[in-house]
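One structure is given below, encoded as structure tokens.
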């Protein structure tokens, strides 16, 4: 397949990021060298300040507020743009909210489409939780895109680990183009257990690299110091710990490498919370340790609480730090986060990993440049099928 590096144009495409958060998705697109941000919006003031610090230091085009109010009240003009990206809040689709049939946040994708129409964008990229792909909303989104003149549509659940992010994070990605074919990105990485079979079966493309691991992301960080954000150069500014109770430390000590709450219960039932003892089944990630030699589990907004998931350091008796979480999400150390530590944790956990966004951004460039054709799209689909066909012996 043609490599994206063959592109020689330096034309900058104008980008709008909606529900932007701190700007993880924008960072990936900017890192391609071919996009410039012309409008961004989020309703969280701390996330908006982070976005400004990274992409809009003069605060000229980053707007705080409800997107419905902004459009309905004409308080801000939506500029023309080549591409609109973003992820409308996903709580309406999430399995954690499966009974909230009337959640008004389900309709925020429609506000996203209003901006697409007002901006005249030729390409759209929308991301959301994996459950979106099989939801009625997905069909409504695709139908709306077609009504707006988008002829070429792609949708698939992508795993961030397949694009160099040291994290198993599954997201539905929808890509659409008015003028030219558009393709989802070819995976650059894969489960190392698949590589032997892929070497003989994967055709017409370079062999993927093994997944990046937790060790590749955070293995060179020293132990954290203190419990607060510090006025120090990155990465130390966000590399702080917590003040756990003595009983919490005892619990950490009872969890072996790769272990979880069930190991805690076996090793120290005397300090295992009663709610866990009374629930003998459930997630094996709760109170779990990350593995050095694997990608992380999905980084969520409360990664600093090991009772929320597999967020204990691989060999230190503590949860991961904000810096470690940001690195696992593939944020570079020079990315600026604004706000108190709880708000920064939300920004990290809610973000699209920049490396995943960068891979998607390159495919958006191909389409905008007119370099993607049906053959390329078909080859990409074949690669996805070949990757999926490789079975791993357990």
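The values are calculated or read from the model by the stated rules, or taken from the named source; none is laboratory data. Because the structure is predicted, anything quoted here is derived from the model rather than measured. Cβ atoms come from the backbone with ideal geometry, glycine included; neighbour counts cover every protein chain shown.
Here are some notes:
- Condition check for residue 367: under 19 Å from residue 212 (Cα atoms) and buried (at least 21 other Cβ atoms within 10 Å of the Cβ): no
- A search for C-beta distances below 6 Å between a residue of the stretch 269-295 that is assigned by TED's automatic domain parsing to the domain that holds residue 257 and any residue that is surrounded by fewer than 14 Cβ atoms within 10 Å (Cβ to Cβ) and part of a helix (DSSP H, G or I), counting only pairs 6+ apart in sequence or on different chains, returns 271/247.
- Among the residues examined, residue 195 does not qualify as surrounded by 19 or more Cβ atoms within 10 Å (Cβ to Cβ), out of contact with any strand residue (DSSP E or B) (no Cβ under 6 Å at 6 or more places or on another chain) and modelled with pLDDT under 95.
- Breaking point among (1) part of a loop (DSSP other than H, G, I, E, B); (2) closer than 23 Å to residue 157 by Cα, for residue 338: (2)
- When residues of the stretch 132-162 are limited to those that are outside any strand (DSSP E or B) and crowded, with 20+ Cβ neighbours inside 10 Å, the one farthest from the chain's Cα centre (by Cα): 150
- Matching entry among 338, 346 (being touching a helix residue (DSSP H, G or I) at 6+ places or on another chain (Cβ under 6 Å) and in contact (Cβ under 8 Å) with a residue 12 or more places away in the chain): 338
- Among the helices (runs of 4 or more DSSP H) confined to the stretch 1-115, the ones with at least 1 residues that are at pLDDT 95 or above are located at 24-30, 45-55.
- Boolean, residue 235 is in the same structural domain as residue 144 (by TED's automatic domain parsing) and in contact with a helix residue (DSSP H, G or I) (Cβ under 7 Å, 6 or more places away or on another chain): no
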